[in-house]
1. Report the extension gain between residue 156 and residue 41 in nm, rounded to one decimal, defined as 0.36 nm multiplied by the number of residues separating them, less their alpha carbon distance.
2. If each residue's Cβ is checked for other Cβ atoms within 10 Å, how do 132, 144, 124 rank with the fewest at the top?
3. Rank the residues 176, 49 as a footprinting-exposure proxy: fewest other Cβ atoms within 10 Å of their Cβ go first.
4. Please order 148, 52 by the number of other Cβ within 10 Å, starting at the fewest.
5. Please report the net charge: other residues with Cβ closer than 14 Å to the Cβ of residue 60, K and R +1, D and E -1.
6. Between residue 112 and residue 5, with labels modelled 7 Å along Cα→Cβ, what's the label distance in nm to one decimal, could you check?
Amino acid sequence: MTTVLAELFTLMLMAFALGMDAFSIGIGMGMIQLRLRQIFYIGITVGLFHVWMPLLGMMTGKFLSEKFGAFAAYAGGVLLIVLGIQMVLASFKDDESSVMTPVGFGLLLFALSVSLDSFSVGLTLGIFGARTAAAVICFGAAATILTWAGLLVGRRVQGWLGSYSEALGGFILFAFGVKLLLPF
């Protein structure tokens with residue numbers, strides 16, 4: 001029972017780390033004064049993408065682990081480290097890109113952009129045989145809640161919190177990658 005709780009805690013922490021990307025981008029998007037109904041739909045859409053992307057990644061990861069065994073496990077750890085470093089570096093860029101309108105195609109593009117890293121993490125989880133249902137539920141719920149939180153905070157606060165939250169998410173993914181490569 002303890003290993004199940006430990007895996008669930010790990011999945012929730014990873015879901016939080018991945019959702020920080022949606023949170024930080026949501027802060028910037030929330031500054032365009034969205035209606036609460038729009039915020040609701042944006043959060044649900046991002047949450048659904050955070051379910052489907054890691055699910056696709058996990059299916060791919062399970063296939064790779066069956067074919068390539070231990071090599072795939074090391075590749076998964078390296079992938080988390082690279083993804084974590086990329087998130088940390090991206091958080092320090094002073095890149096003010098234009099805010100897309102979160103409606104229709106713009107909403108789908110936004111949801112896809114913040115859930116691409118979920119595919120990579122799903123790939124790693126599939127390699128290590130994580131519980132699929134638990135992972136996608138944690139990822140979807142965390143992404144939805146953190147997106148809503150980011151959009152609501154963005155309505156109230158200037159963008160000073162966004163880059164720090166993305167950096168925190170990157171550090172968490174980096175730490176999990178190191179833990180997978182160096183079991184202790």
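Just so it is clear, none of the values below were taken in a lab; they were calculated from the coordinates. Quick caveat, the model's predicted, so the values are computed rather than measured. Methodologically, a virtual Cβ is constructed for each residue, glycine included, from the backbone with ideal geometry; neighbour enumeration extends over all protein chains shown.
1. Working: separation 115, 0.36 × 115 = 41.40 nm, distance 1.92 nm.
Taking 0.36 nm per residue and subtracting the Cα distance, the gain is 39.5 nm.
2. Values: 132 16, 144 22, 124 28.
Ordered by Cβ neighbours within 10 Å, fewest first: 132, 144, 124.
3. Working: 176 22, 49 25.
If I rank by nearby Cβ atoms, fewest first, I get 176, 49.
4. Details: 148 22, 52 18.
Ascending Cβ contact count within 10 Å gives the list 52, 148.
5. On the way: positive: 62, 67; negative: 66.
Net charge in that neighbourhood comes out at +1.
6. So the two model labels end up 4.2 nm from each other.
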